[in-house]
Amino acid sequence: MAQSASTRPTAWWLATLEKRAARMKEERLDLAEPITFSDASERSAAINFFNAAFRAEESGLRQAHELADEVGRWDPELARVLELYGNEEGWHRELLESFLSSIGGEVRPMGRVTRSFYAVYARAKRMETIVLTNLMFETIGATTYRLALGRVEHPAARQMLTILTRDESFHVPLNVHFLSRILERRPKSSRWRLKLVYQLLFVSLLGLPFASRPKAQAFDKITRRELGRAYAEQLARLFTHEPSLGLKPPRALLALLGLRDEDLREPPLAATGAEAAEAAAVRERVEVRAL
Ligand SMILES: [Fe+2]
Ligand SMILES: [Fe+2]
């Protein structure tokens, strides 16, 4: 197994994020060629898809900066890493805003399911709960974008999806690092709470395709079954390959979805190994694989 993300020191993540920040604004969306959708329902589904992405960025940005304030009291270096991480989400949010307007859409008020999901999340107080939620959100986000990239053909949409897949994949091992650092400060006896949250989150996230498919499928062409299975597989691989977190994927649920032990042997696509993280320092060198 490649070196785990959780064994990289904070200084390494800081240096990598600083390198990424220096080049962030150089990358621009090429929106010169307008996207022609096959019909109004595909366009409307695209607007829904990127609205969901926008809300995820908005929430990620806010949580990261709030955590940075808190973490700054005991680890200023880790706080700076959180701040730079939040800035990357802020940059994604800006890109999504301009992308949405280029397809004649806008940021819409959240739907009922999305609103209640974020309302619960915003109430989370414990740092490990927030970071675990982030880690799982990043994993399913990267999975959705990667699957969409395998199906969507519009060049501008593909560029947007490539940026998101690449960066959210990098955010997965980064959040493993955050979680490891936070758990080091907690007594082992308090882990039961996190394990419970983890099981609940795992099940709830697998329910998300029920809410998102009617809204976005006409654009991303991903079926409910494919998306649910891909979420389960990527989440399960992630935690199987990061045993130090002590969070085992729910086997019964995986078996129900037809996922066996050998399906989990491969590393997650948002590879947490050191090599993938190393490559992410130079964004343009990252090869983004579609699913
Ligand atoms: Fe993002
Ligand atoms: Fe992210």
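The values are calculated or read from the model by the stated rules, or taken from the named source; none is laboratory data. Every value quoted in this text rests on a predicted model; they were computed, and no experiment measured them. Heads up, the Cβs are rebuilt from the backbone with ideal geometry, glycines too, and the neighbour counts pull from every protein chain shown.
Residues that are away from ligand 2 (no atom under 16 Å from the Cβ), among the aliphatic types (A, V, I, L, M) and in contact (Cβ under 8 Å) with a residue 40 or more places away in the chain within the stretch 21-65 comprise LEU29, LEU31, ILE35, ALA45, ALA46, ILE47, listed in sequence order. Scanning the stretch 120-136 for residues being within 16 Å of ligand 2 (Cβ to nearest atom) and either among the basic types (Lys, Arg) or under 25 Å from THR223 (Cα atoms) (or both) gives a total of 4. For first residues located in the stretch 235-253 and in a helix (DSSP H, G or I), partners that are hydrophobic (A, V, I, L, M, F, W, C) and lie 6+ apart or on another chain with Cβ distances below 6 Å form the pairs ALA236/LEU254; ALA236/LEU264; ARG237/LEU264; PHE239/LEU247; THR240/LEU264. So is PHE117 in a helix (DSSP H, G or I), within 16 Å of ligand 2 (Cβ to nearest atom) and aromatic (Phe, Trp, Tyr) or not? So PHE117 fails the test.
Do you know which of the residues in the stretch 228-260 that are closer than 21 Å to ILE182 by Cβ and of a type in the set (D, E, K, R) is surrounded by the fewest Cβ atoms within 10 Å (Cβ to Cβ)? Filtering the stretch 228-260 for residues that are closer than 21 Å to ILE182 by Cβ and of a type in the set (D, E, K, R), the one surrounded by the fewest Cβ atoms within 10 Å (Cβ to Cβ) comes out as LYS248.
Has the stretch 84-96 got any residue that is over 21 Å from SER169 (Cβ atoms) and either of a type outside the set (D, E, K, R) or in contact (Cβ under 8 Å) with a residue 40 or more places away in the chain (or both)? Taking every residue of the stretch 84-96 in turn, none turns out to be over 21 Å from SER169 (Cβ atoms) and either of a type outside the set (D, E, K, R) or in contact (Cβ under 8 Å) with a residue 40 or more places away in the chain (or both).
Counting only residues that are surrounded by 13 or more Cβ atoms within 10 Å (Cβ to Cβ) and farther than 22 Å from MET160 by Cα, the stretch 95-113 holds 2 of them. Scanning the stretch 115-133 for residues that are within 16 Å of ligand 1 (Cβ to nearest atom) and under 15 Å from LEU208 (Cβ atoms) turns up TYR118, TYR121, THR133. Being within 24 Å of VAL120 (Cβ to Cβ), exposed (fewer than 12 other Cβ atoms within 10 Å of the Cβ) and either in contact with a helix residue (DSSP H, G or I) (Cβ under 9 Å, 6 or more places away or on another chain) or not charged (D, E, K, R) (or both): is that true of SER190 here? Yes: the conditions hold for SER190.
Within the bounds of the stretch 180-188, is there any residue that is under 20 Å from PRO250 (Cα atoms) and assigned to a helix (DSSP H, G or I)? No, that holds for no residue. Note on the stretch 266-288: residues that are exposed (fewer than 11 other Cβ atoms within 10 Å of the Cβ) and either over 23 Å from ARG23 (Cβ atoms) or at pLDDT 75 or above (or both) amount to 0. Could you please let me know if ARG80 is modelled with pLDDT of 95 or more, closer than 20 Å to ALA11 by Cα and more than 17 Å from the chain's Cα centre (by Cα)? Against the criterion (modelled with pLDDT of 95 or more, closer than 20 Å to ALA11 by Cα and more than 17 Å from the chain's Cα centre (by Cα)), ARG80 qualifies. For the stretch 67-78, name all the residues that are charged (D, E, K, R), assigned to a helix (DSSP H, G or I) and in contact (Cβ under 8 Å) with a residue 60 or more places away in the chain. GLU77, the sole residue that qualifies. Within the set GLU42, GLU27, GLU58, the sole residue that is within 16 Å of ligand 1 (Cβ to nearest atom), part of a helix (DSSP H, G or I) and either among the acidic types (Asp, Glu) or in contact with a strand residue (DSSP E or B) (Cβ under 7 Å, 6 or more places away or on another chain) (or both) turns out to be GLU58. Residue pairs whose Cβ atoms lie under 6 Å apart, sitting 6 or more positions apart in sequence or on different chains, and linking a residue in the stretch 146-168 that is within 16 Å of ligand 1 (Cβ to nearest atom) to a partner that is modelled with pLDDT under 95 and among the polar types (S, T, N, Q), are ARG146/THR165; LEU149/THR165. Here THR139 does not fit the description of being closer than 20 Å to PHE239 by Cβ, assigned to a helix (DSSP H, G or I) and either away from ligand 2 (no atom under 11 Å from the Cβ) or without any contact (Cβ under 8 Å) to a residue 60 or more places away in the chain (or both). Considering only residues that are buried (at least 18 other Cβ atoms within 10 Å of the Cβ), of a type in the set (A, V, I, L, M, F, W, C) and away from ligand 2 (no atom under 13 Å from the Cβ), which ones fall in the stretch 66-94? Those that are buried (at least 18 other Cβ atoms within 10 Å of the Cβ), of a type in the set (A, V, I, L, M, F, W, C) and away from ligand 2 (no atom under 13 Å from the Cβ): LEU67, ALA68, VAL71, LEU78, ALA79, VAL81. Residues of the stretch 125-157 that are among the charged types (D, E, K, R) and under 20 Å from GLU33 (Cα atoms): ARG151, GLU153.
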